[in-house]
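The values are calculated or read from the model by the stated rules, or taken from the named source; none is laboratory data. In this text, all values refer to a predicted model and were calculated from it rather than measured experimentally. Here Cβ is always computed from backbone atoms with ideal geometry, including for glycine, and neighbour counts include all displayed protein chains.
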Amino acid sequence: MKELQQNQRAHVVKFGGVLMGSAENIHHSAKYVASQPKDMGMLTVVSAASGITDHLLQIADSVGEDGIDQTKRLTDLFYDRQSELVTSLRLSRKGEEQIRQELYTAYQNILIYAGISNLHPALRDSILSQGERISATVFTSTLLESGIPVKKIEAERVIVTNSNFSNASPDVHTSSERIRQIVGPRLQYGQHVVLPGFYGADSNSYTTVMPRNSSDLTAAIGAFALNAAELRLAKGIAGVYDKNPHEHDDAVYQEWLSYEDAIMISNNGGKVVYPDVMHLMRAKSIPIVVFDPRNPEQETIISELDPDEREYLRNKRIIFEVWGKGSSAEDLRELLGNIPGVMVSPSKFTHVANRLKAEEGIEPPDVRAKIRGFVRAEAGHDLHMGIFTSGVGGLFVNFFDPENQDNNRLTKHV
């Protein structure tokens with residue numbers, strides 16, 4: 001595999017429980033990985049299939065309490081559900097056997113633990129981690145059969161936590177060092193890595209699990225360690241809403257949020273992104289993109305805004321976004337000549353820059369000046385203009401008409 005340039009940024013994606021819960025969604029997720037740029041390997045973090053961790057919690061609670069018969073009944077249900085998923089994937093015999101071997105080992109271990117009267121907390125956490133372990137094996141096998149070079153790495157090797165079993169906190173510094181040492185070289189040489197979320201190990205190598213829904217945090221630690229260009233969180237819902245859309249019909253989709261606003265939404269019950277993730281990504285100004293690979297037309301970008309940008313957005317002046325995907329320099333000229341406001345989002349700026357470079361030989365950072373020139377020469381609007389660059393090199397070309405008090409946010413996709 002070819003060694004990459006030092007300035008290339010890692011790709012980090014986390015796939016949630018809905019996307020690991022059916023053969024169709026797993027194959028959708030694998031296709032997404034296959035469609036991404038081949039300039040560098042991708043770190044992929046996976047959750048347990050939806051509902052599996054709740055079921056494993058029932059199993060763990062039954063150990064030593066309800067007798068081995070109840071534990072075996074619940075463990076049989078866990079095995080049967082995962083086995084049905086493996087069958088529905090229609091993998092090769094070799095790929096299916098590998099998953100079934102790990103699934104049977106997990107099944108046997110749980111039944112062994114069921115016979116222990118005073119179960120050590122680390123063994124309880126080992127039970128709770130089985131969903132992510134199986135998901136990682138399932139997704140690794142699926143990617144391999146799609147012709148994607150990939151390696152599964154167990155979370156105990158890289159995620160270091162304290163010994164607060166069932167509610168462990170990660171040591172971000174030590175975990176980051178291990179990720180750079182173990183995962184980083186594989187990505188540099190173009191190999192993908194699948195890492196199970198949610199669990200790790202303490203300094204004594206005992207398995208620990210972090211709080212529920214913390215696979216996002218595993219991915220965030222990976223993005224932090226590898227200085228990723230962005231952290232992409234693939235969920236069963238396309239983007240972030242101001243409240244839970246499954247519970248509120250009036251929930252409003254949020255196309256772009258600051259970290260501060262996303263934390264506020266999370267604290268108010270919009271639990272799309274694990275709160276600690278926002279704090280960690282904010283420390284390095286790494287944007288978070290929340291999306292659903294089954295609905296690629298809609299996503300939410302969470303990133304840092306400087307005071308001018310924040311004030312601009314909060315005043316709800318008219319904003320248009322040039323996503324750049326599939327657009328040419330001529331498309332950009334035409335768009336800028338017909339609208340009163342433009343914002344080029346951070347995660348999509350590269351698309352515009354690449355097209356300008358390919359068609360007109362413009363090298364960054366001259367792209368910013370070129371777009372400014374497009375605006376001045378072709379838009380022809382007598383409007384105030386400010387240009388602000390984000391911490392990740394994105395470009396915002398903001399216009400507003402002080403006499404236009406329209407509060408609607410408009411979006412134009414090119």
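List of remarks:
Every residue, every condition in (1) outside the structural domain of residue 222 (by TED's automatic domain parsing); (2) modelled with pLDDT under 50; (3) among the polar types (S, T, N, Q), yes or no:
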position: 244; (1), (2), (3): yes, no, yes
position: 286; (1), (2), (3): yes, no, no
position: 292; (1), (2), (3): yes, no, no
position: 312; (1), (2), (3): yes, yes, no
position: 324; (1), (2), (3): yes, yes, no
position: 330; (1), (2), (3): yes, no, no
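- From the list 208, 174, 161, the one residue that fits, being at negative phi and touching a residue at least 60 places away in the same chain (Cβ under 8 Å), is 208.
- Exclusive hit being surrounded by fewer than 16 Cβ atoms within 10 Å (Cβ to Cβ), β-branched (Val, Ile, Thr) and assigned by TED's automatic domain parsing to the domain that holds residue 194, set 116, 110: 116
- Test: residue in segment 128-138 that is free of Cβ contacts under 8 Å to residues at least 24 places away in the same chain and acidic (Asp, Glu): no
- Which numbered condition residue 232 fails, given (1) among the charged types (D, E, K, R); (2) surrounded by fewer than 22 Cβ atoms within 10 Å (Cβ to Cβ); (3) closer than 18 Å to residue 299 by Cα: (2)
- Residue 186 being in a helix (DSSP H, G or I) and either within 25 Å of residue 143 (Cα to Cα) or among the aromatic types (Phe, Trp, Tyr) (or both): yes
- Odd one out for residue 109, checked against (1) part of a loop (DSSP other than H, G, I, E, B); (2) farther than 30 Å from residue 227 by Cα: (1)
- Residue check for residue 217: among the aliphatic types (A, V, I, L, M) and in contact with a helix residue (DSSP H, G or I) (Cβ under 6 Å, 6 or more places away or on another chain): yes
- Within segment 239-271, restricting attention to residues that are among the aliphatic types (A, V, I, L, M) and crowded, with 19+ Cβ neighbours inside 10 Å, the residue that is nearest to residue 172 (Cα to Cα) is 263.
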